[in-house]
């Protein structure tokens, strides 16, 4: 057979596999159970928690995109994080993780540590030399990488941190949600495990909550499949069917998202309401050169810090019409989120300060709407923030 690209195979996931009616699009298999071929003779699927044809089709597509040995599709992104931790760690094991990670990741790690199950330590993984030294000293079991980081878009050198992890006897896990396999494939940089919040770009339509974990080796893939069944956290067939649909336009959507983000950044970069603008595509971004080396693009996520603090933040949000104030990201619609009160609200004030999350910080998920309208709307919000700042100072 012709060896087509992973993206082509993902676009055609399940196409022409219906042996009964010849349906082009694969059917949704909603059955909770499957007959045995004979007494003691199990088919590939027997019960939907442990296996489902629709979910398997999605897993094969995701695994192909990442270039792994197997993918497990889960009910949520947090379920993917939980599965990685529970299946890979022994009681008392240490995890070193990115200090500016997603707030839900921080919350999960804090709760697991509070119960005395595992140990977790936040490290600035973007400081490669210092992080490598701490990995060598602490000898963790896992190193948890998130790049670009959520919400400040900091870039971690995946190859260097992974090499340091392996030298210390640890596995390296990469949360690659912001980039998708279109823009980075962590296995190419030595990672052992890749996790995604499928809810975001992979599905792309803000109508499914789902996660995935992809393994570099068959042994890890089998372990994840086993523990996903034990924990009962696998995804539904209906959600998997929706995500397969989303994958068919993944490359097209990511290209449009990314182009819009670049154009929006160019339009707002010099606006006086902005105290700081974080997007790896900017030559002034500290991780710009690294992102150019390890990524195939700079992504469509950015964050801004408003000069006027909370009053400016309120005025900014109230003036927006096209950028919805909502959590999540990666859908076709444009969103803004206020991490301090939304996605990272679970973090302590000290943890927020360490990560760089302030009252004026907004995370922006740039959608695929016509860019001229997005620029008009965002600029109106920034103008309102500037006026609020001036009023507060006057």
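Any read-out appearing in this document is the output of simple, stated calculations on the displayed coordinates, not a laboratory observation. Because the structure is predicted, anything quoted here is derived from the model rather than measured. In this analysis, Cβ positions are derived from the backbone assuming ideal geometry, glycine residues included, and neighbour counts consider all displayed protein chains.
Annotation: average projected area of the range 250-393 is 8.7 square nanometres, based on the convex hull of Cα atoms across all directions.
Using the Cβ-Cβ distance between residue 341 and residue 369 with R0 set to 25 Å, the FRET efficiency from 1/(1 + (r/R0)^6) comes to roughly 0.50.
Listed from fewest to most Cβ neighbours within 10 Å, the set 201, 34 follows the order 34, 201. Against the empirical 2.2 N^0.38 Å (N residues), the range 261-339 has a Cα radius of gyration ratio of 1.16.
Once you sort the root eigenvalues of the Cα gyration tensor of the range 155-235 as a ≥ b ≥ c, which label holds: rounded (a/c under 1.5), prolate (a/b larger than b/c) or oblate (the other case)?
Working: a/c = 2.66, a/b = 1.23, b/c = 2.16.
Oblate.
Size descriptor for the range 217-276, Kirkwood hydrodynamic radius: 15.7 Å (Cα pairs only, one decimal). When its C-alpha radius of gyration is set against 2.2 N^0.38 Å (N residues), the range 1-140 gives a value of 1.43.
Looking only at the chain, where both bridge partners belong to it, what percent of the DSSP beta bridges are antiparallel (to the nearest 5)? Intermediate results must be reported in sequence, preceding the final value.
Numbers: 25 of 43 bridges.
In the chain, approximately 60 percent of DSSP beta bridges are antiparallel ones.
The modelled label-to-label distance between residue 37 and residue 163, using points 7 Å beyond Cα along the C-beta direction, is 4.8 nm.
Using the Cα gyration tensor of the range 355-394, with a ≥ b ≥ c the square roots of its eigenvalues, what is the shape: rounded (a/c below 1.5), prolate (a/b larger than b/c) or oblate (neither)?
On the way: a/c = 6.06, a/b = 1.36, b/c = 4.46.
Here the range 355-394 falls in the oblate category.
Applying the Kirkwood pairwise sum to the alpha-carbon positions of the range 6-247 produces a hydrodynamic radius of 18.4 angstrom.
Given axes a ≥ b ≥ c from the Cα gyration tensor, I'd like to know whether the range 200-304 is rounded (a/c under 1.5), prolate (a/b larger than b/c) or oblate. All intermediate terms of the calculation are to be shown ahead of the outcome.
Values: a/c = 2.67, a/b = 1.94, b/c = 1.37.
Prolate, because a/c is 1.5 or more and a/b exceeds b/c.
Applying 1/(1 + (r/R0)^6) with r as the Cβ-Cβ distance of residue 114 and residue 94 and R0 = 22 angstrom yields a FRET efficiency of 0.90. Of all the options 215, 98, 56, the one that moves most in a Gaussian network model of the chain with Cα springs shorter than 10 angstrom is 56. Per-residue extension of 0.36 nm, minus the Cα-Cα distance of residue 129 and residue 252, leaves a gain of 40.6 nm for this segment.
What does the highest-first list of 312-321, 72-81 look like by mean Cβ count within 10 Å?
Output ranking for 312-321, 72-81: 72-81, 312-321.
Using C-alpha pairs below 8 Å separated by at least 6 residues, the relative contact order for the range 6-247 is 25 percent.
Test of understanding: in a Gaussian network model of the chain with alpha carbons linked when under 10 Å, which of 28, 306, 153 would top the mean-square fluctuation ranking? It is 28.
Comparing mean-square fluctuations of 199, 379, 147 from a GNM of the chain with C-alpha springs under 10 Å, the top value falls on 379.
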